[in-house]
């Protein structure tokens with residue numbers, strides 16, 4: 001169970017969850033590399049941002065630390081929890097709804113009444 | 001051999017845009033910050049090859065009783081793997097750098113919303129510190145501007161030390177406010193960026209001006225030297241007051257004193273009496289000190305026995321504080337503050353009227369004289385004659401009366417006046 005809600009995820013947060021989805025435990029550096037791969041080079045996450053996100057997710061119970069006997073120094077190994085996976089899917093659904101709304105707007109001629117009221121030119125008004 | 005250079009930073013760490021661009025410019029001329037480059041407010045650089053670096057600030061973990069603070073090892077490793085080298089800690093911030101020409105290295109922070117949230121924590125800490133400074137300033141202000149503040153300073157640490165303390169508090173207040181305002185402005189810009197709001201031209205101009213650290217460099221450096229001197233002067237003034245009090249030369253044994261004093265002692269109160277000192281350790285001495293506008297400041301603690309020809313004798317004591325200032329107004333102000341202080345003492349029993357004989361002798365000597373007699377903790381006489389002030393407490397009232405004390409003191413003052 002999440003210990004505290006994070007509300008709407010930012011893009012960085014979503015990509016961190018996405019990069020860990022259905023993956024074995026990963027180091028922070030591996031998460032950054034995977035985000036670069038998933039984002040196809042258009043999405044990048046700064047190391048300070050990544051560390052902040054990992055801290056927030058750990059506090060929220062979205063990720064958990066995994067014992068790593070081979071770890072050098074204090075590099076931690078993280079795994080997505082069920083709560084994290086659920087948060088990732090919730091965000092995915094939200095984004096899909098956003099996309100669907102956007103597609104509906106872009107693909108139709110529907111204009112809204114208040115827009116017509118602001119447009120006295122009949123040629124511009126919706127039929 | 002490595003060449004080193006020490007500089008006074010031309011900006012404060014929370015002026016983030018200025019600090020980042022200053023470090024970049026220093027590297028561009030071949031001066032690279034050493035590991036943990038800030039010490040005692042000074043920046044330490046080593047000379048090397050000219051290189052262009054971009055410097056970025058991140059929030060450092062604050063030090064606590066159980067933790068040295070700084071940067072977590074995991075964070076350092078993640079940053080190093082991404083191409084960001086930790087240079088050192090400066091104030092609340094960890095300073096990182098990466099080569100400016102390495103296009104594949106991402107920015108240190110890529111999420112303005114999260115970045116702003118982190119800065120809000122630092123702003124909250126800065127606000128907490130400011131609140132403590134304000135509380136200190138209020139408490140200090142009561143001491144500084146209270147009705148008997150001047151007297152308190154004269155009798156206590158001295159005027160110089162008190163004045164410097166006030167300047168330091170005001171300086172700390174200014175820095176505290178500047179700290180909070182700088183962080184607030186930075187947070188506000190990050191939040192606007194996170195919300196995708198357009199940045200106005202005036203904001204762009206603000207950032208451009210901030211990055212131009214040269215424009216305020218001299219102010220900052222002069223302020224640094226001034227604050228360094230201020231702290232030094234404050235410590236010295238406190239130490240000087242301590243040394244003055246501890247110096248044996250400033251304490252003279254009263255029975256062995258051969259110099260004339262500008263006030264009367266117990267043996268001067270009655271002509272037909274004999275006086276003998278008691279052997280109390282902490283009395284019967286003259287303590288002297290000086291302050292920058294009080295050239296003479298004497299304190300006598302006398303204790304002994306007065307014997308009269310009829311065989312009666314009384315034991316008692318007299319404390320006299322003689323203050324000579326540089327101006328009559330200053331002395332009059334001290335008198336007012338003495339009166340205020342005693343009037344607010346719970347033992348204050350009201351003023352006593354001066355006898356006609358004393359009033360006559362006051363008008364006979366002329367001059368600018370004020371005399372007050374009252375009982376506070378002890379029977380008290382307060383006299384101002386021009387720039388000179390006498391504050392007298394006596395106990396064992398049976399041997400004396402306010403009139404006798406006033407008469408003897410006025411006579412002694414008149415003698416030294418002439």
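Here are the numbers for the structure shown:
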| read-out | value |
| --- | --- |
| Residues that are at pLDDT below 90 and at the interface with another protein chain (Cβ under 8 Å from one of its Cβ atoms), drawn from the range A:30-63 | A:44 |
| Subset of the range B:1-15 that is in contact (Cβ under 8 Å) with a residue 12 or more places away in the chain and more than 30 Å from the chain's Cα centre (by Cα) - its residue that is nearest to residue B:222 (Cα to Cα) | B:5 |
| Conditions (1) assigned to a helix (DSSP H, G or I); (2) under 27 Å from residue B:114 (Cβ atoms); (3) at pLDDT below 85; number of the one not met by residue B:216 | (2) |
| Candidates B:134, B:122 - the one that is assigned to a helix (DSSP H, G or I), away from chain A (no Cβ under 11 Å) and touching a strand residue (DSSP E or B) at 6+ places or on another chain (Cβ under 6 Å) | B:122 |
| Subset of the range B:73-91 that is at the interface with another protein chain (Cβ under 8 Å from one of its Cβ atoms) and touching a helix residue (DSSP H, G or I) at 6+ places or on another chain (Cβ under 8 Å) - its residue that is surrounded by the fewest Cβ atoms within 10 Å (Cβ to Cβ) | B:81 |
| Subset of the range A:7-44 [over 12 Å from the mean Cα position of the chain (by Cα) and assigned to a loop (DSSP other than H, G, I, E, B)] | A:22, A:23, A:24, A:25, A:40, A:41, A:42, A:44 |
| Residue in the range A:94-108 that is part of a helix (DSSP H, G or I), touching a residue at least 12 places away in the same chain (Cβ under 8 Å) and more than 13 Å from every other protein chain (Cβ to nearest Cβ) present | yes |
| The one condition in (1) surrounded by 20 or more Cβ atoms within 10 Å (Cβ to Cβ); (2) assigned to a loop (DSSP other than H, G, I, E, B); (3) more than 9 Å from every other protein chain (Cβ to nearest Cβ) that residue B:51 fails to fulfil | (1) |
| Any hit, the range A:58-71, residues being within 16 Å of residue A:10 (Cβ to Cβ), surrounded by fewer than 18 Cβ atoms within 10 Å (Cβ to Cβ) and touching a residue at least 12 places away in the same chain (Cβ under 8 Å) | yes |
| The range B:234-260: number of residues that are assigned to a loop (DSSP other than H, G, I, E, B) and surrounded by fewer than 17 Cβ atoms within 10 Å (Cβ to Cβ) | 7 |
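The values are calculated or read from the model by the stated rules, or taken from the named source; none is laboratory data. All values reported here derive from a predicted model rather than from experimental measurement. Methodologically, a virtual Cβ is constructed for each residue, glycine included, from the backbone with ideal geometry; neighbour enumeration extends over all protein chains shown.
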